[in-house]
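Here the structure comes first, spelled out in structure tokens, and everything after it is commentary.
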Amino acid sequence: MAFKTKGIVPRTWRIVKRVLIFLFIFQLFYILILKWVDPPITLTQLGSLVTGHGLKRDYVSMKNISPYAKLAVICSEDQLFPDHDGFDFKSIEKAMKHNQKSKSLHGASTISQQVAKNVFLWQGRSWFRKALEVYFTFMIEKTWGKKRILEMYLNVSEMGDGVFGIESAAQHYFKKKAKNLTRSEAAMIASCLPNPKVYTIKPMSARVATRYPWILVQMTHLEDDDEIQGLIQ
């Protein structure tokens, strides 16, 4: 009996090792193919569908997205997006200091980190999920490039209750295509991030009403930056 038990452990480990190797190769292939192909569905989108919030989405290419929408999300979520390698360490340090002293938690996720979370992972705050987020952020920065990361962000981010992506948001709120969004409309959509279920556009929440004019000012300040122009045009 002891001999049989002794043989089971190596066999089990071989199976586990093969599964882990397969998963590692599969995720590398998936990361690479998503450089050109949009994800069929994400865990966040699936969760929205299963929990009854619905799923409205319509992936579009960068050429079919208004430059104002690209500029607005950079100004709202990650003004150093063209400059960093996926992580804004000063903002992370600042958020950690705040969170140690306050019950209200501040995040410091870059656009790249949010894409890594929204495309490959689930919502949550565990250290395990955060470690995976770091890995996927590093990988997409190295393989996709900034334009693809921004395009993916604009397509998979939740921008309303069950509304995913800038095209669905433009249709939902303003009855127009994403490429036709005005500066103000783009700023309103960007201002609902990262909690569109609470920070609503219609009816307009206090957060959106105060934040979107600030985003418009930031857009004026940053739109002539050469690196940003290279991303939004």
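Quick grid of which residues meet (1) more than 20 Å from SER205 (Cα to Cα); (2) under 12 Å from the mean Cα position of the chain (by Cα):
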residue	(1), (2)
GLY145	yes, no
MET152	yes, yes
GLU158	no, yes
GLY162	no, no
ALA170	no, no
MET188	no, no
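Just a yes or no: is a residue in segment 146-159 of a type in the set (Lys, Arg), surrounded by fewer than 23 Cβ atoms within 10 Å (Cβ to Cβ), farther than 25 Å from PHE120 by Cβ and out of contact with any Pro (no Cβ under 8 Å at 6 or more places or on another chain)? Walk me through it before giving the result.
Start the filter on segment 146-159 by keeping residues that are of a type in the set (Lys, Arg), which leaves 146-148.
Then drop every residue that is not surrounded by fewer than 23 Cβ atoms within 10 Å (Cβ to Cβ), which leaves 146-148.
Still in the list and also farther than 25 Å from PHE120 by Cβ: none.
No: zero hits.
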Give the residue that is nearest to VAL115 (Cα to Cα), with candidates limited to residues of segment 31-54 that are assigned to a loop (DSSP other than H, G, I, E, B) and of a type in the set (Gly, Ala, Ser).
GLY54
Just to be sure I understand the filter: pairs with C-beta atoms under 8 Å, separated by 6 or more residues or on different chains, first member in segment 63-76 and assigned by TED's automatic domain parsing to the domain that holds ASP225 and closer than 13 Å to SER184 by Cβ, second member in a helix (DSSP H, G or I) and of a type in the set (Lys, Arg). Which pairs pass?
SER66/LYS179; TYR68/ARG183; ALA72/ARG183
Whether any residue in segment 63-70 is polar (S, T, N, Q) and modelled with pLDDT under 95 is what I want to check.
no
Somewhere in segment 82-96, is a residue buried (at least 17 other Cβ atoms within 10 Å of the Cβ), at pLDDT below 95 and among the acidic types (Asp, Glu)?
yes
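The values are calculated or read from the model by the stated rules, or taken from the named source; none is laboratory data. Note that this is a predicted model, so its numbers are computed, not measured. Using ideal geometry, Cβ is built from the backbone for each residue, glycine included, and neighbour counts are taken over all protein chains shown.
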